[in-house]
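I have placed the structure first, in the form of structure tokens, so that the comments after it can refer back to it.
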Amino acid sequence: MRRLPAIAARFPNLDLRQEVENVPVPQALAVLLDDLIKAAVAEDGRVAANAAALLTDDGNTKHPAVREWKDLIDFFVKWAHLHDAQSDVQLIPSDDDLRQRIELAEALMDGIRAEFFDSLHAIEDLLAEANQLKDGGEQDG
């Protein structure tokens with residue numbers, strides 16, 4: 001991405017907004033565009049894999065919860081960056097819409113929270129026993 005200005009400077013007459021179906025570009029720019037596309041695809045895959053690891057038992061990136069999570073992320077990022085494009089006041093989400101989306105995010109995370117706290121409860125006795133004080137005041141374990 002950082003190389004784009006230097007490449008653009010090398011080809012000052014390049015018009016990428018021509019009103020034609022195919023715009024010829026210098027090979028250096030084509031290679032850079034290919035790298036950017038591959039990076040975007042890899043990033044999307046990484047984000048989906050992370051969401052799947054968080055939301056599913058099997059890391060399935062095709063799980064409906066992963067798609068819902070991505071839609072939620074896209075929604076909140078869009079409305080957190082109003083400076084990117086002028087927004088019609090009529091399109092701004094209502095408080096009810098925001099509340100519903102926040103509740104959906106919480107519902108998607110409930111399974112993870114429940115599993116975490118179930119696991120924590122399963123080891124609390126072990127932790128308590130390991131941290132018990134011996135007769136002389138030392139910790140046992």
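Within segment 17-69, the set of residues being under 30 Å from Ala114 (Cα atoms) and among the hydrophobic types (A, V, I, L, M, F, W, C) comprises Val47, Ala48, Ala49, Ala51, Ala52, Ala53, Leu54, Leu55, Ala65, Val66, Trp69. Counting only helices (runs of 4 or more DSSP H) that fall entirely inside segment 1-110 and contain at least 2 residues that are at pLDDT 90 or above and open to solvent by less than 60 Å² (accessible area, probe 1.4 Å), the qualifying elements are 27-55, 64-80.
The values are calculated or read from the model by the stated rules, or taken from the named source; none is laboratory data. Everything numeric in this text was worked out from a predicted model, so none of it was measured. Each accessible area value is taken on the protein alone, full model and side chains, heavy atoms only, with ligands, DNA and RNA left out. Shrake-Rupley method; radii C 1.70, N 1.55, O 1.52, S 1.80 Å.
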